[in-house]
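Undergrad: Mind looking over this structure? Questions follow.
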Amino acid sequence: MTTSTISGMTRTSGMTRLRTITFAIAGGLAVGNLYWAQPLIEEIARSLDVSSAGAASLVTVTQIGYALGIFLIVPLGDVLNRRKMIPLILGLSAIALIGAAVAPTFSLLLAALGGVGLTTVSAQLLTPLASELAAPEQRGRVLGTIASGALIGILLSRTISGAVAEFVGWRAIYVLAAILTVALAVVLLFMIPQLEKRPATNYFRLLGSVFTTVAQHRAARPTILISAAVFSVFSLFWTSLTYLLSAPPFSFTVGQIGLFGLAGLAGAVAARRAGSFHDRGWSVPASGVALTLLAVSFVGAWLAQSSVIALVVVVIVLDLAAQTTLVLGQTRLLSLPGQNRSRLNTAFVVSNFLGGAIGSALAGPLWATGGWTTIAGTALAIVAAALLIWALTRRGALTDQT
């Protein structure tokens with residue numbers, strides 16, 4: 001085992017292939033916990049006797065809980081022992097998942113999933129840790145792999161939850177997730193290396209420094225805005241897709257809807273090496289290309305609303321474009337100088353999931369108002385705004401590394 005010191009922090013053994021894959025799996029499970037309910041909205045609505053629009057709030061509350069957990073917990077990664085902290089957080093997440101599995105009423109399920117969101121933040125503690133451990137020349141590739149693991153977790157969660165619900169009911173998926181979460185907590189307890197101790201900081205000052213850290217870097221603000229816009233349309237699309245596929249002419253079951261997550265896997269796998277664009281110095285132009293491709297995918301989504309094959313193609317392209325944009329944005333932030341990576345990641349992820357919560361919250365009203373056409377048009381307008389921000393800042397702020 002080798003140890004080297006980089007910018008005042010200890011890097012023990014770097015990011016080995018095994019450690020990178022383990023972090024990616026852990027991140028995928030953690031983020032996937034936020035989305036078990038997404039293809040089960042209609043099933044849960046029938047089970048607990050609530051409306052479809054009411055059941056859709058499960059996704060929104062989970063994402064809001066996640067954003068709150070990111071803001072309140074992840075900054076502690078800059079000052080606490082992550083080898084102990086991350087397994088502890090995973091254990092608390094397992095307890096919340098069991099709460100969701102046994103919740104007898106919709107209000108208790110809502111509270112339990114809020115708890116799942118609050119505690120399923122380990123992926124966003126592992127990402128800045130990986131950035132610290134990785135050598136500069138491998139940082140983009142490592143973070144791309146871990147971010148792809150998170151997206152694959154989101155997509156597989158839909159497929160797995162739909163299949164499990166079809167055979168043994170929707171509650172079983174939360175029991176399975178709790179078991180896997182405990183297993184990963186044990187693995188990470190041994191996988192995370194010992195790191196150099198950092199000085200203690202007042203908790204409230206630490207939270208306030210999230211904002212000052214973002215303000216110190218010109219590259220942070222436009223990157224965060226663009227990524228939040230991308231994640232909002234990503235969430236809007238996947239939440240709305242359940243409505244589209246449940247209605248005629250498709251009338252798919254939850255298991256069939258979940259299978260669409262497999263199509264998204266192709267895009268996620270293709271984008272796995274998106275971070276290598278950063279390593280080659282192409283981060284900003286590649287982000288522009290990805291945003292353009294995302295806009296095109298929503299035009300395609302509108303045209304493809306009655307064709308399964310065309311929707312599968314749209315899912316692949318959309319996930320490839322969204323994943324590439326998010327990976328490059330996160331890698332740019334975590335490559336900025338200083339030792340405040342957990343706080344930068346906090347700002348990045350909180351903004352993303354607030355955007356995601358807005359996207360999922362809009363899905364029900366937009367569907368009721370104008371169906372798939374209104375959803376595709378709204379998403380396209382949001383992506384156009386993100387492209388405008390990119391165009392206005394790409395020659396200055398996005399490339400600033402100070």
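The values are calculated or read from the model by the stated rules, or taken from the named source; none is laboratory data. None of these values were measured; they are calculated from a predicted model. All Cβ positions, even for glycine, are placed from backbone atoms using ideal geometry, and neighbour counts span all protein chains on display.
Undergrad: Scan the stretch 11-28 and give yes if some residue there is surrounded by fewer than 21 Cβ atoms within 10 Å (Cβ to Cβ) and in contact with a strand residue (DSSP E or B) (Cβ under 7 Å, 6 or more places away or on another chain), otherwise no.
TA: yes
Undergrad: Against the condition assigned to a helix (DSSP H, G or I) and closer than 30 Å to Thr212 by Cβ, how does Gly117 come out, does it pass? So that I can check it myself, show each step before the final result.
TA: Details: assigned to a helix (DSSP H, G or I): yes; closer than 30 Å to Thr212 by Cβ: yes.
Judged against the criteria, Gly117 is a match.
Undergrad: Considering only the stretch 350-364, I want to know if a residue exists there that is β-branched (Val, Ile, Thr), closer than 19 Å to Val327 by Cβ, part of a helix (DSSP H, G or I) and modelled with pLDDT under 90.
TA: yes
Undergrad: Ok, one more. Every residue in the stretch 35-61 that is in contact (Cβ under 8 Å) with a residue 60 or more places away in the chain, among the small types (Gly, Ala, Ser) and part of a helix (DSSP H, G or I), please. Outline the logic, then answer.
TA: Filtering the stretch 35-61 down to residues in contact (Cβ under 8 Å) with a residue 60 or more places away in the chain leaves 35-44, 47-48, 52-53, 56-57, 59-60.
This time we only want the ones that are among the small types (Gly, Ala, Ser), so: 37, 47, 52-53, 56-57.
Passing the criteria: Ser47, Ser52, Ala53, Ala56, Ser57.
Undergrad: Step by step: first the residues of the stretch 32-56, then only those that are closer than 30 Å to Arg83 by Cα and at pLDDT 85 or above, then the one that is surrounded by the fewest Cβ atoms within 10 Å (Cβ to Cβ). Which residue is that?
TA: Within the stretch 32-56, the match that is surrounded by the fewest Cβ atoms within 10 Å (Cβ to Cβ) is Leu34.
Undergrad: Also, quick follow-up: Examine the stretch 255-276 for a residue that is of a type in the set (Lys, Arg) and either farther than 22 Å from Gly355 by Cα or at pLDDT below 85 (or both), and state whether such a residue exists.
TA: Step one: list which residues in the stretch 255-276 are of a type in the set (Lys, Arg), which gives 272-273.
When the remaining residues are screened for being either farther than 22 Å from Gly355 by Cα or at pLDDT below 85 (or both), the result is 272-273.
Yes, the stretch 255-276 has at least one match.
Undergrad: Quick check on this structure: which one of Ala185, Ala177 is surrounded by 24 or more Cβ atoms within 10 Å (Cβ to Cβ), under 20 Å from the mean Cα position of the chain (by Cα) and among the hydrophobic types (A, V, I, L, M, F, W, C)?
TA: Values: Ala185 fails: surrounded by 24 or more Cβ atoms within 10 Å (Cβ to Cβ).
Result of the check over Ala185, Ala177: Ala177.
Undergrad: Oh, and also: Which residue is nearest to Val102 (Cα to Cα), if the candidates are limited to the stretch 171-208 and must be of a type in the set (A, V, I, L, M) and either touching an Asp or Glu at 6+ places or on another chain (Cβ under 6 Å) or not in a helix (DSSP H, G or I) (or both)?
TA: Of all residues in the stretch 171-208, those of a type in the set (A, V, I, L, M) come to 172-173, 175-180, 182-189, 191-192, 195, 200, 206-207.
Imposing the further condition that a residue be either touching an Asp or Glu at 6+ places or on another chain (Cβ under 6 Å) or not in a helix (DSSP H, G or I) (or both) reduces the set to 192, 195, 200.
Details: Ile192: 32, Leu195: 38, Ala200: 39 Å.
Among those that are of a type in the set (A, V, I, L, M) and either touching an Asp or Glu at 6+ places or on another chain (Cβ under 6 Å) or not in a helix (DSSP H, G or I) (or both), it is Ile192.
Undergrad: I'd like the full set of residues that are buried (at least 24 other Cβ atoms within 10 Å of the Cβ), hydroxyl-bearing (Ser, Thr, Tyr) and closer than 28 Å to Gly208 by Cβ, limited to the stretch 304-350.
TA: Passing the criteria: Thr331, Ser342, Thr346.
Undergrad: Kindly establish whether Ala301 is touching a residue at least 12 places away in the same chain (Cβ under 8 Å), crowded, with 24+ Cβ neighbours inside 10 Å and more than 20 Å from the chain's Cα centre (by Cα). Outline the logic, then answer.
TA: Values: touching a residue at least 12 places away in the same chain (Cβ under 8 Å): yes; crowded, with 24+ Cβ neighbours inside 10 Å: yes; more than 20 Å from the chain's Cα centre (by Cα): yes.
Against the criterion (touching a residue at least 12 places away in the same chain (Cβ under 8 Å), crowded, with 24+ Cβ neighbours inside 10 Å and more than 20 Å from the chain's Cα centre (by Cα)), Ala301 qualifies.
Undergrad: Would you point out which residue out of Leu344, Leu328, Leu336 is part of a loop (DSSP other than H, G, I, E, B) and within 20 Å of Thr127 (Cα to Cα)? Show your work before the answer.
TA: Working: Leu344 fails: part of a loop (DSSP other than H, G, I, E, B); Leu328 fails: part of a loop (DSSP other than H, G, I, E, B).
Every option except Leu336 fails the conditions.
Undergrad: In the stretch 89-140, what residues are surrounded by fewer than 18 Cβ atoms within 10 Å (Cβ to Cβ), under 21 Å from the mean Cα position of the chain (by Cα) and either of a type outside the set (A, V, I, L, M, F, W, C) or within 30 Å of Ser276 (Cα to Cα) (or both)?
TA: Gly91 - this is the single residue of the stretch 89-140 that is surrounded by fewer than 18 Cβ atoms within 10 Å (Cβ to Cβ), under 21 Å from the mean Cα position of the chain (by Cα) and either of a type outside the set (A, V, I, L, M, F, W, C) or within 30 Å of Ser276 (Cα to Cα) (or both).
Undergrad: Sticking with this one: I'd like to verify a number: residues in the stretch 69-105 that are part of a helix (DSSP H, G or I) and touching a helix residue (DSSP H, G or I) at 6+ places or on another chain (Cβ under 6 Å), how many? Quick ask: steps written out before the conclusion?
TA: Residues of the stretch 69-105 part of a helix (DSSP H, G or I): 69-78, 82-102.
Cutting the leftovers down to touching a helix residue (DSSP H, G or I) at 6+ places or on another chain (Cβ under 6 Å) gives us 69-71, 74-75, 77-78, 82, 86-87, 89-94, 96-101.
So the answer is 22.
Undergrad: Starting from the stretch 341-361, take each residue that is within 16 Å of Leu143 (Cβ to Cβ) and list its partners that are of a type in the set (Lys, Arg) and assigned to a helix (DSSP H, G or I), counting only C-beta distances under 9 angstrom and pairs at least six apart or across chains.
TA: What qualifies is Ser342/Arg82.
Undergrad: While we're looking at this one, here's another question. Which one is modelled with the highest pLDDT among residues in the stretch 209-240 that are surrounded by fewer than 20 Cβ atoms within 10 Å (Cβ to Cβ) and in a helix (DSSP H, G or I)?
TA: The selected residue is Leu225.
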